[in-house]
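S.K.: My questions will all concern the structure given below.
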Amino acid sequence: MMAATTLALPTADASASPALSLGSAHGAILALDLGTTTGWASLTGGIVHSGTATFRPGRFDGGGMRYLRFQRWLTQLANDTGGLASVYFEEVRRHVGTDAAHLYGGFLATLSAWCEREGVAYQGVPVGTIKRHATGKGNADKTAVLAAIRARGFTPADDNEADAIAILLWAIDTRGGVL
């Protein structure tokens, strides 16, 4: 489904990748791998852009500051892309530790509240579904997903960005799970 590959030079934490023939006249599609280092990928005007954003708390930040920064970042991203039509995110059902579960829950609550307020459709995609679509194997490890995304012509900086691209490709290829 890729058109001619037009790779742009990546910036510090965002990159443009192969042009795709699918676009949305009603806004961009955004895919997120939620976490302290959030991977993101968007399809705007037929071009995939991706990167990571870090939401580590500062030394003097209160507990909710990372979520307020995440919310402001979502708003800025929506403005930069000309509006969002839909958001897809990695739906994690099992976490390695309690802290990771709490952080994910905070990001998910912030994302869902933001989407509801802005009138943006949002959908979680199970981890196994993403991995199966990217690699053919539902229990693939991080390196396999990275390799599969690179094999499709993308240059993710890390596994967070690769996961976001994989989610975006799943959303494009399956029309959001409708096919």
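S.K.: Please list, in order along region 156-169, the HN-Hα scalar couplings obtained from phi with the Karplus expression 6.51 cos²θ - 1.76 cosθ + 1.60 (θ = phi - 60°), rounded to whole Hz, x for Gly and Pro.
M.R.: Karplus values, whole Hz, x for Gly and Pro: x, 6, 7, 5, 5, 5, 4, 4, 5, 5, 4, 5, 4, 4.
S.K.: Would you grab the residues whose amide H sits under 5 Å from the one on residue 47? Only those 5+ places off in sequence or on another chain, please, with H modelled 1.01 Å from N.
M.R.: 20
S.K.: Ok, one more. So what is the relative contact order of the chain, in percent, for Cα pairs below 8 Å that sit 6 or more residues apart?
M.R.: Values: 319 pairs, mean separation 43.7, N = 179.
Averaging sequence separation for qualifying contacts and normalising by length gives 24 percent for the chain.
S.K.: A further question follows. Quick one: which residues, 5 or more positions from residue 91 or on another chain, have an amide H under 5 Å from its amide H? H modelled 1.01 Å from N in the peptide plane, none for Pro or chain starts.
M.R.: 125, 127
S.K.: So if I take the centroid of the Cα atoms in region 32-63 and the same for region 85-102, what is the distance between those two points in Å?
M.R.: 14 Å
S.K.: Whole-Hz Karplus ³J(HN,Hα) for region 43-48, in order, using 6.51 cos²θ - 1.76 cosθ + 1.60 and θ = phi - 60°, x for Gly and Pro?
M.R.: Result, ordered by residue: 10, 10, x, x, 10, 8 Hz.
S.K.: May I pose another question? Mind listing the phi-derived Karplus ³J(HN,Hα) values for region 109-121, rounded to whole Hz, using 6.51, -1.76 and 1.60 with θ = phi - 60°, and x for any glycine or proline?
M.R.: 3J(HN,Hα) across region 109-121, in whole Hz: 4, 5, 4, 5, 5, 4, 4, 4, 5, 8, x, 9, 5.
S.K.: Further, regarding this structure: Would you list the P(r) distribution for region 79-176, with all Cα-Cα distances sorted into 10 Å bins from 0 and each bin expressed as a whole %?
M.R.: In whole percents, the pair-distance histogram is 15, 42, 36, 7.
Throughout, read-outs are computed from the coordinates displayed, never taken from laboratory work. All values derive from a computational prediction rather than experimental measurement.
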